[in-house]
Amino acid sequence: MAHINLTRMRGKHYESTFRAFSHLLPDRGLVLDIGANLGVMSAYLAQKNSSWKIVAIEPIPLHVTVINRFLKYKQLINIEIVEKAISDKDGWVEMKVPMEEGMLQHGLASLEMQKDSAGELHQVHAITLDQLMEQYPKEVVIGIKIDVENHEWEVLQGGLQTIQKYQPIIMAELWNDLKKQQCLHLLTLLGYRVMYVNIQGQLVSYQGEDVIDYIFLPPLA
């Protein structure tokens, strides 16, 4: 089995944002972890509240294998794995796990990598978020975590019906580029408030600060 580099940590700010996101979620409902990677965040949510149903969405087979083993080890039964990518359309797409200093960086796997960059290529099946939710007609989406290495805009575009129907709390990592501005503009138009966790650990309104981790609160939150 290929060696997995687990040394790349998400960083203190990302983790504080994720904890804030988890504290804001209602007591019951469906939580989507889009870009679950090795399943650490999904497992955290599953352990935090057994009344939540967690859907860990991850397209790379090796990552899915790791998640399955981790779930068995932790004996977590409220997580379901969907081996797909989430995008703005249905179809087969090329995903790359980049290589840095001779090691595959599994935490950075993306649909947005340059074709000439070093890494391991995977052909994965992509569906939209709205298509995914057709599999869960009786569930109420309360939260969505999106961490897909600069593919967040496409995820949102393919999930507009779901977002408008359920108005879930959303956490997203957004790179500092045009797609970030598109995501902020779209969610603001949908009535969401853009928030972030400041250096003091407080959830505050975003006013243009240089951050990449965001929490989006729906109109009724």
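The values are calculated or read from the model by the stated rules, or taken from the named source; none is laboratory data. Note that the structure is predicted; figures quoted are calculated from it, not measured. FYI the Cβ positions are ideal-geometry reconstructions off the backbone, even for glycines, and counts take in every protein chain you see.
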Members of the stretch 170-215 that are small (Gly, Ala, Ser) and under 17 Å from Leu160 (Cα atoms): Ala172, Gly191
Gln161 being polar (S, T, N, Q), surrounded by fewer than 18 Cβ atoms within 10 Å (Cβ to Cβ) and in contact with a Leu (Cβ under 9 Å, 6 or more places away or on another chain): yes
Matching residues, the stretch 167-183, being of a type outside the set (D, E, K, R) and surrounded by 18 or more Cβ atoms within 10 Å (Cβ to Cβ): Gln167, Pro168, Ile169, Ile170, Met171, Ala172, Leu174, Cys183
Per-region count, the stretch 31-59, residues more than 23 Å from Val124 (Cβ to Cβ) and part of a loop (DSSP other than H, G, I, E, B): 3
Strands (runs of 3 or more DSSP E) enclosed by the stretch 121-221 - at least 1 residues per element that are free of Cβ contacts under 8 Å to residues at least 40 places away in the same chain: 193-197, 203-205
Close pairs from the stretch 25-46: first free of Cβ contacts under 8 Å to residues at least 60 places away in the same chain, partner surrounded by 21 or more Cβ atoms within 10 Å (Cβ to Cβ) and part of a loop (DSSP other than H, G, I, E, B), Cβ under 8 Å, at least 6 apart: Ala36/Glu58; Gly39/Glu58; Ser42/Ala36
Gly102 being of a type outside the set (A, V, I, L, M), farther than 21 Å from Val148 by Cα and modelled with pLDDT under 85: yes
Residue under evaluation Lys165, criteria (1) of a type in the set (Lys, Arg); (2) touching a helix residue (DSSP H, G or I) at 6+ places or on another chain (Cβ under 8 Å); (3) closer than 19 Å to Ile127 by Cα, criterion not met: (2)
Test set (1) under 19 Å from Asn150 (Cβ atoms); (2) surrounded by 14 or more Cβ atoms within 10 Å (Cβ to Cβ) - Leu190 fails condition number: (1)
